[in-house]
Amino acid sequence: MKFRIALALVWAFAVSTAGLVSAGTIWLDELDIHSAVQGWGKPHRNKSVDGHPLSIGGQQFKHGFGTHAESTLHIELDGGATRFSASVGVDDEVNKSPNSSVEFIVRGDGKALWKSGVMRAGDAAKDCEVDLTGVKSLVLEVSDADDGIDHDHADWADAKFETVLATTFATTGEPALVPVAPYLLTPPAPVTPRINGANVFGVRPGSPFMFMIPATGERPMTFSAQNLPQGLKLDPQTGRITGALSARGEFTVTLHAKNSLGAAEKKFRIVCGDQIALTPPMGWNSWNCFAGAVSAEHVKSAADAMVKSGLINHGWTYINVDDFWQNHRDSRDPTLHGPFRDAQGVIVPNSRFPDMKGLADYIHNLGLKAGLYSSPGPWTCGGCTASWKHEQQDAQTYAKWGFDYLKYDWCSYGSVADKEMTNPTNAKVWGETPPKNAQAILPYRVMGTFLRGQNRDMVFSLCQYGMASVWQWGGSVSGNCWRTTGDIRDTWKSMSDIGFNQDQAAPYAKPGNWNDPDMLVVGQVGWGELHPSRLTPDEQYTHISLWCLLSAPLLIGCDMTQLDDFTLNLLCNDEVLALDQDELGKEATCILKDGDVRVYAKELADGGRAFGFFNLGVTPANWNFKALPQFGLAGKQLVRDVWRQKDVATVDAADGNLPLTIPAHGVVLYKLTAAK
Ligand code: GAL
């Protein structure tokens, strides 16, 4: 008792002394700010993200934390601080860039305590004053203000805490999860043949046909097909179907694969009509690993690895070059110096890509398809030559080289958008009255029309970060997929913010038209500086499960030559991939939120339904799923654990319960089908 009174006296003395004399001050830059998670660059103490003295709206600051959206820093206060103050804003180093806009948010114990509102380059610093009495856990967050993270250099200047007793605070980038070692769920594919991948393939009349039957099982394997329509032929050794179809129509083919241990067959629909990409494209893209350092050698190695790793046998097809295959407007890198276009206006690739046709041939010879990147503006996002005023010529060039996919990225188009609306050639596109969002639609309509004019099926991937509700009109400009968000990073915040916010676009997904929540961040990623994905193993299961439920294009973003067992295991689960490739093309939506649990449901072509049970919490969740009739299920249901490829229960929809344990930030992925 005496001891408690003495302690209370010391406490009262400390508090009153702190109050009377001076409460302690801890500057934010005295804490370990390096654990912050941010969308680009590294956290800087007393400097901007680019390493300059902190400067907002012309005012310089000595103290602070220079970061980049999207940024989070968790600080464990445990009630030890009474006040937080800072001057916040966009750092002047972005040179008034119109793209930079951010919002600073201070959260205490999960509640937003202060928000700066949207702040742009050049704005004067805003004063942030927050009462922290009793707050245990603080988060300093910088969002991209919903327009992508380009040029979002953000400063928490003069940031400090007033404290009682405390001398420092622990920080983390994201709330700590109990570490879980990578664990493999996908069972090995059988040695007997199994035909994987989509059940349907779209082609336009007259376009070169190219489809490789994806099949697992021991080699050698031979292939055959019944009812192959006239104009197509199958190579029995490789399983490649080539040729061309002249007539529109639907053809149901039976594919066969055979090895010394057994045989497999599968019904496969070929649809010859206007629409391609009848299931979401699957492949690889160079950006999330190599970014501006990409070369033809990287791309060839990725294609080789797609075959050697066996991923090709699970339906992975496209090998896509992102930005930086062209020459650059002002880079110091000599490999990017050279003419932008030749005397006839044909685009000239940079010295790292000496032979574009050769590259596409190389990829095709492996049974894969090739993709390319450009922008409707004068320059790409990275500052390389883009397609403005050369749209038709570029579409012809890509087709001549043999590319099968174009990602078309808005970027610098903003600088010419007004002018293009009054350009008489373009004005004709609309007739009398331009539609709503005409300015956003125009460049995609122009390129979409030219791509359609080529005698080659090229998947058209719109990249404009979801502006002007692209999902509502992307299909009308021949778009096959469209980004719905800014760029993804390999953090829980980025991946989960994107993945769990796709519902409004979902009703627009259908065969040939897919919402694209950006590329995968598993494996060795890093935009030029490779590191293992910062997502935990369970977060990676969430990422792949969610993207498959969302019918998202699946583009692997990692260095394919460094695939570890865990990453490979994530990418070769045929039952998980089948949800993505389901021919009904219905995107899952969130059907239930309960605390940290989110339930996503996806209708499937075979009448079954896939359910993703996700746990956004930082500890495992024990949770019971029981409202089955509410979600359109009746009678006895067979429950299959899709990752483990195992039936786990039969439940009666009327009164059944599905008790689940969902890992922290993890998922349980089930498919329910009416039991026979
Ligand atoms: C971004 C785009 C990225 C990547 C990059 C290339 O705008 O969202 O996915 O393509 O440009 O500079």
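Data table
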| item | result |
| --- | --- |
| Condition met for Pro349 (farther than 18 Å from Val446 by Cα and more than 29 Å from the chain's Cα centre (by Cα)) | no |
| Only one of Ala399, Ala417 that is under 25 Å from Gly466 (Cβ atoms) and either touching a Gly at 6+ places or on another chain (Cβ under 8 Å) or in contact (Cβ under 8 Å) with a residue 24 or more places away in the chain (or both) | Ala417 |
| Test result for Ala468, in contact with an Asp or Glu (Cβ under 9 Å, 6 or more places away or on another chain) and surrounded by fewer than 22 Cβ atoms within 10 Å (Cβ to Cβ) | no |
| Residues of region 328-346 classified as within 16 Å of the ligand (Cβ to nearest atom) and either in contact with a helix residue (DSSP H, G or I) (Cβ under 6 Å, 6 or more places away or on another chain) or not in a loop (DSSP other than H, G, I, E, B) (or both), total | 2 |
| Residue ID - surrounded by the fewest Cβ atoms within 10 Å (Cβ to Cβ), chosen from residues in region 46-81 that are without any contact (Cβ under 8 Å) to a residue 24 or more places away in the chain and in contact with a His (Cβ under 8 Å, 6 or more places away or on another chain) | Gly51 |
| Sole exception among (1) within 16 Å of the ligand (Cβ to nearest atom); (2) assigned to a loop (DSSP other than H, G, I, E, B) for Pro434, by number | (1) |
| Count of region 570-585 residues which are assigned to a helix (DSSP H, G or I), buried (at least 22 other Cβ atoms within 10 Å of the Cβ) and touching a Ser or Thr at 6+ places or on another chain (Cβ under 9 Å) | 5 |
| Matching residues, region 524-581, being under 14 Å from the mean Cα position of the chain (by Cα) and of a type in the set (Val, Ile, Thr) | Val525, Thr542, Ile544, Ile556 |
| Search result, residues across region 150-204 that are over 30 Å from Asp409 (Cβ atoms) and of a type in the set (Lys, Arg) | Lys160, Arg194 |
| Search result, residues across region 586-617 that are of a type in the set (A, V, I, L, M), assigned to a strand (DSSP E or B) and in contact with a helix residue (DSSP H, G or I) (Cβ under 7 Å, 6 or more places away or on another chain) | Ile591, Ala601, Ala610 |
| Ala247 at pLDDT below 95 and either more than 16 Å from the ligand (Cβ to nearest atom) or among the small types (Gly, Ala, Ser) (or both) | yes |
| Residues that are away from the ligand (no atom under 16 Å from the Cβ), in contact (Cβ under 8 Å) with a residue 60 or more places away in the chain and surrounded by fewer than 24 Cβ atoms within 10 Å (Cβ to Cβ), drawn from region 514-547 | Gln524, Leu530, Arg534, Thr536, Pro537, Asp538 |
| Filtered residues of region 146-157 (kept if away from the ligand (no atom under 16 Å from the Cβ) and either surrounded by fewer than 22 Cβ atoms within 10 Å (Cβ to Cβ) or of a type in the set (Gly, Ala, Ser) (or both)) | Ala154, Ala157 |
| Residue within region 95-103 that is on the phi < 0 side of the Ramachandran plot, touching a residue at least 60 places away in the same chain (Cβ under 8 Å) and either in contact with a Ser or Thr (Cβ under 7 Å, 6 or more places away or on another chain) or not assigned by TED's automatic domain parsing to the domain that holds Ser494 (or both) present | yes |
| Extreme residue, nearest to Asn573 (Cα to Cα), among residues of region 614-649 that are within 29 Å of the chain's Cα centre (by Cα) and charged (D, E, K, R) | Arg644 |
| Condition check for Ala291: among the hydrophobic types (A, V, I, L, M, F, W, C) and either assigned to a loop (DSSP other than H, G, I, E, B) or within 13 Å of the ligand (Cβ to nearest atom) (or both) | yes |
| Verdict on Asp538 being part of a loop (DSSP other than H, G, I, E, B) and at pLDDT 95 or above | no |
| Any hit, region 411-427, residues being acidic (Asp, Glu) and not in a helix (DSSP H, G or I) | no |
| Pair list, Cβ < 6 Å and 6+ apart or interchain, from region 352-381 residues that are more than 16 Å from the ligand (Cβ to nearest atom) to residues that are assigned to a strand (DSSP E or B) and of a type in the set (A, V, I, L, M) | Ala360/Ala370; Ile363/Ile319; Ile363/Ala370; Gly367/Met212; Leu368/Ile319; Ala370/Ile319 |
| Matching residues in region 390-430 - criterion: being on the phi > 0 side of the Ramachandran plot and within 16 Å of the ligand (Cβ to nearest atom) | Cys411 |
| Identity of the residue in region 241-265, crowded, with 18+ Cβ neighbours inside 10 Å and part of a strand (DSSP E or B), that ends up farthest from the chain's Cα centre (by Cα) | Lys258 |
| Every residue from region 586-620 that is crowded, with 22+ Cβ neighbours inside 10 Å and farther than 23 Å from Thr673 by Cα | Asn615 |
| Matching option when the condition is under 25 Å from the mean Cα position of the chain (by Cα), away from the ligand (no atom under 16 Å from the Cβ) and of a type in the set (Ser, Thr, Tyr), among Ser478, Ser494, Ser387 | Ser478 |
| In region 92-104, the residues that are part of a strand (DSSP E or B) and closer than 17 Å to Gly64 by Cβ | Val102, Phe104 |
| Region 291-315 residues that are closer than 20 Å to Phe353 by Cα, paired with ones that are hydroxyl-bearing (Ser, Thr, Tyr) and crowded, with 18+ Cβ neighbours inside 10 Å (beta carbon under 6 Å, 6 or more apart) | Val294/Ser286; Lys300/Tyr362 |
| Residue pairs meeting the criteria (Cβ under 9 Å; at least 6 apart or on separate chains; first within 21 Å of Gly148 (Cβ to Cβ) and in a helix (DSSP H, G or I), in region 455-482; second modelled with pLDDT under 95 and within 16 Å of the ligand (Cβ to nearest atom)) | Met467/Asp147 |
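Each row is one residue, and each column tells you yes or no for (1) of a type in the set (Asp, Glu); (2) in contact with a Lys or Arg (Cβ under 8 Å, 6 or more places away or on another chain); (3) not assigned by TED's automatic domain parsing to the domain that holds Phe460.
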position	(1), (2), (3)
Phe290	no, no, no
Ser295	no, yes, no
Ala303	no, no, no
Met306	no, no, no
Asp333	yes, no, no
Arg341	no, no, no
Gln344	no, no, no
Ile347	no, yes, no
Gly367	no, yes, no
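The values are calculated or read from the model by the stated rules, or taken from the named source; none is laboratory data. Please read these numbers as outputs of a predicted model, since none were measured by experiment. Don't worry about glycine lacking a Cβ; one is built from the backbone with ideal geometry, like all the others, and counts go over all protein chains shown.
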